[in-house]
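The values are calculated or read from the model by the stated rules, or taken from the named source; none is laboratory data. Predicted model, so just to flag it, every value in this text is computed and none were measured. No Cβ is skipped: glycine too gets one built from the backbone with ideal geometry, and neighbour counts run over all protein chains shown. Please note that ligands, DNA and RNA were not included when accessible areas were found on the heavy atoms of the full protein model with its side chains. Shrake-Rupley method; radii C 1.70, N 1.55, O 1.52, S 1.80 Å.
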Amino acid sequence: MANPFAGEVAVTIGDSVIEAKLTLGALAELETTLQTGSLVDLVARFECAAFSSRDVMAVIVAGLRGGGWRGQADDLLAVDFPGGPMGAAKLAATLLARAFTVPQ
């Protein structure tokens, strides 16, 4: 079960549920993949609803890798995320939010 206090988010891929989280290494990979000026720029895109599907996929892949998944982005091209594209966007936003929230 995903622990939100550890920044984890449960990701359903087919019949599997994987605990994803944005570790420091996953965040560094995300910066490189998206070539953003900073992660603050990426977070701002999500806050302003100015993100792309590429942003969403990159955040999900980075989160899955942070959780130990060893797949590639291409492995997710045919995946139907619960809630469709908006569900995937919400998942990516949740990963970002949990990565930058200090547990109370």
So, in segment 34-75, of the ones that are assigned to a loop (DSSP other than H, G, I, E, B) and in contact with a strand residue (DSSP E or B) (Cβ under 6 Å, 6 or more places away or on another chain), which residue ends up farthest from residue 20 (Cα to Cα)?
-> 69
Apart from one, (1) in contact with a strand residue (DSSP E or B) (Cβ under 9 Å, 6 or more places away or on another chain); (2) surrounded by 13 or more Cβ atoms within 10 Å (Cβ to Cβ) all hold for residue 1; the odd one out is (2)
Does at least one position in segment 86-98 carry a residue that is modelled with pLDDT of 90 or more, among the charged types (D, E, K, R) and not in a helix (DSSP H, G or I)?
-> no
Residue check, residue 53 against (1) touching a Pro at 6+ places or on another chain (Cβ under 8 Å); (2) open to solvent by less than 30 Å² (accessible area, probe 1.4 Å), all met but one. Which one?
-> (2)
Please indicate, with yes or no, whether at least one residue in segment 57-64 is in contact with a helix residue (DSSP H, G or I) (Cβ under 7 Å, 6 or more places away or on another chain) and loosely packed, with under 11 Cβ neighbours inside 10 Å.
-> no
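Conditions tested, residue by residue: (1) modelled with pLDDT under 85; (2) closer than 18 Å to residue 90 by Cα.
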| residue | (1), (2) |
| --- | --- |
| 8 | no, yes |
| 13 | no, yes |
| 20 | no, yes |
| 26 | no, no |
| 39 | yes, yes |
Close pairs from segment 82-104: first under 17 Å from residue 63 (Cα atoms), partner of a type in the set (Gly, Ala, Ser), Cβ under 6 Å, at least 6 apart | 95/63; 98/7; 99/7
When you look at residue 31, is it open to solvent by 40 Å² or more (accessible area, probe 1.4 Å), under 15 Å from residue 95 (Cβ atoms) and either aromatic (Phe, Trp, Tyr) or not in a strand (DSSP E or B) (or both), yes or no?
-> yes
Hey, can you tell me all the residues within segment 19-28 that are in a helix (DSSP H, G or I) and under 12 Å from the mean Cα position of the chain (by Cα)?
-> 26, 27
